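Report on one structure; see the data block that follows.
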Amino acid sequence: MEVIVFILAGLVGGLGLGYVVFVSARKNQLESERTRILEEAKSQGESLKKDRIVEAKEKYMQLRSEYERETNKRNSELSNAENRLRQKEQSLDDKMKSLKQKEDETTQKSQRLDAQMEAYKTKEKELATLREQQLAKLESIAGLSQNDAKDQMIETIKAKSHTEGLTIAKNIVEEAKLGATREAKRIVLQTIQRTAAELAIDNTVTAFPLESDDVKGRIIGREGRNIKAFEAATGVEILIDDTPETIVLSCYDPIRREVARVSLERLIRDGRIHPARIEEVVEKTKKQIEEEVIEWGERTVVDLGITGLHPELIRYVGRMRFRSSYGQNLLKHSREVARLCATMAAEMGLNVKLAKRAGLLHDIGKCPDNDEETPHALLGMKLCEKYGEHPEVVNAVGAHHDEIEMTSLLSPIIQACDAISGSRPGARRGDEQYVERIKEMENMALSYPGVEKAFAIQAGRELRIIMGAEKTTDDQADTLAFELSNRIMTEMRYPGQVKITVIREKRSVGVAK
């Protein structure tokens, strides 16, 4: 046992000695490795340092080269600028010398001119003296003073100039009238031809068809209560006679007639006809018609391409659909006038939008909510002014019947287009009156001595008269045109204007056999 312990102790001692030797050797190895790494690091550091120094020197040389190059460039530019300044200074010096030289020349010329003026004044005085002497001699020879001779010469020249001036003025006026008339005819004819028109319709009564005559009794009611309630609610008179299956609604107001027609139609379709039901249906119908009025106004404005119109004016435009003038529907008439005005304004180079607007609104005064005694043109002008329309539109509406003075070029256009729309054949009722007016005009012309033929043409807007050359003279033809135009203005009623054309023609015919 002791031997084993001894052996183990020897082994442990041997191991400890070996471990110490191993640690010492490893330490020496690490020390040498550290020394080697330090040497390599120093070597690399020295190498990097040299490289950085070389790079820094190269960078320095490069920056220095660029700086020298920029400096040379700036010096060159400064040198060029200095050269240019010297050249400009030299040029200014040359110009100053030239101006000084010219100033000296001008001074010399002025002095010479002054001397010449003095000489001229002296000669002028001498000539004036000689002229006075010659005038004195002429006065003594002619026996007239200078003023008397001047007055005679002025009178002679004045008389001659007056005659020539009248002739020239007459020719100019005739040429201007001819050109203006031709251009006006062209514009009016193109405007009429490019605008569609409609015929007049009856507008005082409305015929209401019935399914059978039994409905008439229900409309009348017991002791006439229904018809009385209906007439009181609508303001429309119902005419019931022996005409089969038809009654007539009579009223001067087309809106009331329309309310009555629609209300009666609803009552008959519903079957309940008594005073309370009549009042209820009439009230509902009135609201519906008012909505239709606004819808018609908006549709008309959209169709014509008019924007920015006040809602109240749109409502008045819609009311035009239920108004008429001499059988011509007011809304159709206003739409026609608006298109005519737009076409004519375009031909004349005026504002087409304002012309169309004024044409649509020119009769807006015929649709008031309350009956007024003010002329419709002035009432329409007030409405347009109230709702912020353009001043030219306001003046055109107020002046289209000459109630106020025209201050805009649109005003005569509106007046002319209104006359065109209202006076064309078929536009309004009363064709018999139209034919009678044409005949009366021709007979009035034929009543004058020397008139052989008379023709009313262009729908009564022109009266063409043919006179015999043997029985009359040119002066008599002028007198006839003047007298007949005055007589037509005072004795006849007609829309627009009438042109009187008198033709005096002499024909000489020879026959060779």
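Nothing in this text is a laboratory measurement; each read-out follows from the coordinates by a stated rule. In this text the structure is predicted, and so the values were computed from the model without any measurement. Cβ atoms come from the backbone with ideal geometry, glycine included; neighbour counts cover every protein chain shown.
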Quiz prompt | Other-chain or far-sequence residues with amide H under 5 Å of residue 462's (modelled H) | solution = 457, 499
Self-check item: Set of aspartates and glutamates with alpha-carbon distance to residue 49 below 20 Å, sequence-local pairs under 8 removed
Solution: 39, 40, 58
Quiz item: What is the calculated FRET efficiency for residue 348 to residue 248, with r their C-beta to C-beta distance and R₀ = 35 Å, to the nearest 0.05?
Solution: 0.15
Quiz item: Can you give me the relative contact order of the range 326-429 as a percent, contacts being Cα pairs under 8 Å and 6 or more apart?
Solution: 29
Self-check item: Distant-in-sequence amide H partners of residue 453 (H built 1.01 Å from N, under 5 Å)
Solution: 466
Quiz prompt | For residue 323, distant residues with modelled amide H under 5 Å away | solution = 330, 331
